[in-house]
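Enquirer: Before I ask anything, let me first share the structure, which is written out below as structure tokens.
Quick note: the coordinates plus some simple rules give every number you see, no bench work behind them. Because the structure is a prediction, the values reported are computed rather than measured. Virtual Cβ from ideal backbone geometry, glycine too; neighbours counted across all protein chains shown.
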Amino acid sequence: MSHYPTHSGYHRLMQRVNKFPQGAPASDLLLKIFSILCTEKEAELLSRLPLRPFSAAKAARIWQVGTDAARGRLENMASRSLLLDIERDGKTVYLLPPPMAGFFEFSLMRLRPEIDQKELAGLFFRYINVGDAFVRDLFAGGATPLGRVLVNEEALPEDKVCQVLDYERASEVISGASHIAVGLCYCRHKMAHLDRACNAPLDICMTLNLAARSLIRHGVARSVDAAQGLDLLQQARDLNLVQCADNVRQQVNFICHCCGCCCEAMIATRRLAIPNPMYTTNFIQRSAPHLCNGCCRCASICPVEAISMVQSPEGSGMGRKARLNSELCLGCGVCVRNCPTGALTLEPREKRILTPINTAHRLVLMALERGKLQNLIFDNQAYLSHRAMAAILGAILRLPPIKRLMAGQQLKSRYLERLLADVECTGFSKFE
């Protein structure tokens, strides 16, 4: 990494980004990406911001400038989606997003003539799709993934529909969102610049709730209502796209409509043989070999190549049949909807997968598993508000006992040890 001095603003931003639970491994490619997205001075300013939401006044104190000057810089960065600006209780707070889901996607969610998006797409491809450090850390760095797959409700038999909870249904997530923003699909837009894109629509992926409000305000994505969102959902399902969402139950931030050829998670699954890089659905495909006619439609349409066609035993007269690799199966139901003979069904998995409650809960789990929990709680760049501290500690105290112990060992905090001891004694948390 000799092209940029080690003390440069870009290096400092790279170090800062890697304090996130989902970081971005150091690379010359990453430094080059930063150099396209922002100036070195902006990178230096971003590197000094808190990981948790902060006010313009807080940024002013950190940067040692007036509040109006700080707000102007923050708004300029938010207009380019280097930051998100979110309204809370009538006040604007700012958030430095992680690389993914965050400023990587935001940079290609709209056409931006002021930057070289073709060069940027090439850098992303080399950093994410050719190299494997980033995707391994993102999708296999811990037991809690960033995203989850939503089951295709139309693939479920009527007697199984009642087993799907509202937060597991794309239709319910969309219907309940306060804001819905639709922008260009980052993955397919990137591949389009490299002449590798498929024919799936670009203008279909959704950002939801407060994050959507920020993107709409700055023209990064267009606003749609729930009915339009549901229409896009149906269009995506008809095109056999897989719905992937933020791995939380409350205030879901995104729903992407993913294809197997462009989506980075799907590509990583196939290229690196990563089992379940996102939380699967609580269903898995089951086949009835006697109904399979060997048409290969399921194998060709599976986005992660979890289905292969194998020859039946000699003399059985059954020909080729579909065989499932259960470690790779997403439980999305795309294959079920496309089986012409009804040989495939979705059945509940033996063990139900539990989704984190909210973003704070997911971030704590991811940070804990990656050895970065102290970065969330003791951010040496800024003092956390009591509200943010309570949310994070509340999530810690809801962890299973073994993970709470791991958290305490990481933090070496007498305060946290006392809180954890209180939980052990009382069986509940004052933060719940």
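Enquirer: Cα-based Rg of region 234-316 per 2.2 N^0.38 Å, rounded to two decimals?
Expert: This ratio for region 234-316 stands at 1.31.
Enquirer: Determine, for each peptide in 111-118, 253-260, 290-297, the mean count of other beta carbons within 10 angstrom over its residues, then list the peptides with the highest first.
Expert: 253-260, 290-297, 111-118
Enquirer: For the pair Glu347 and Met406, how long in nm is the line joining their label points, each one 7 Å along Cα→Cβ?
Expert: 3.1 nm
Enquirer: Here's another thing I want to ask about it. Where a Cα-Cα gap under 22 Å defines reach, which lysines qualify for Lys19, not counting those fewer than 8 residues away within the same chain?
Expert: Hits, sequence-local ones excluded: Lys32, Lys41, Lys58, Lys372, Lys403, Lys412.
Enquirer: Rounded, prolate or oblate: pick one for region 134-188, where a ≥ b ≥ c are the square roots of the eigenvalues of its C-alpha gyration tensor, a/c under 1.5 means rounded, and failing that, prolate if a/b is larger than b/c, else oblate.
Expert: oblate
Enquirer: What ranking, highest mean first, results for peptides 12-21, 194-203, 37-46 when packing means the other Cβ atoms within 10 Å averaged over each residue?
Expert: Going by the mean number of other Cβ atoms within 10 Å, highest first, we get 12-21, 37-46, 194-203.
Enquirer: Let me ask another. So for region 283-348, what percent of the C-alpha to C-alpha distances run longer than 21 Å?
Expert: For region 283-348, the fraction of Cα-Cα distances above 21 Å is 15 percent.
Enquirer: Additional query: In debye, nearest 20, what is the charge dipole magnitude of the chain about its Cα centre with +1 on Lys and Arg Cβ and -1 on Asp and Glu Cβ, if you could check?
Expert: 900 debye
Enquirer: Would you compute, for the Cα atoms of region 133-272, the largest minus smallest coordinate along each principal axis and list the three values in descending order, in whole Å?
Expert: Computed over region 133-272, the largest-to-smallest principal extents equal 38, 37, 29 Å.
Enquirer: Which of the listed residues, Met406, Cys187, Val130, is farthest toward the dipole's positive end in the chain, when Lys, Arg count +1 and Asp, Glu count -1 at the beta-carbon?
Expert: Met406
Enquirer: For Ala133 and Asn76, calculate 0.36 nm times their separation in residues minus their Cα-Cα distance, and state this gained length in nm to one decimal.
Expert: Full extension of this stretch gives 17.4 nm more.
Enquirer: Can I ask one more? Let me know the whole percent of all Cα-Cα pairs from region 1-129 that are separated by more than 20 Å.
Expert: When every Cα pair of region 1-129 is considered, 43 percent fall beyond 20 Å.
Enquirer: Related question: Could you sort the peptides 334-347, 220-233 by per-residue average Cβ neighbour count (10 Å cutoff), highest mean leading?
Expert: Answer by packing, highest mean first, reads 334-347, 220-233.
Enquirer: Still on this structure: If you wrap a convex hull around the Cα atoms of region 45-200, how much volume per residue is inside, in Å³?
Expert: Expressed per residue, the convex hull around the Cα atoms of region 45-200 is 173 Å³.
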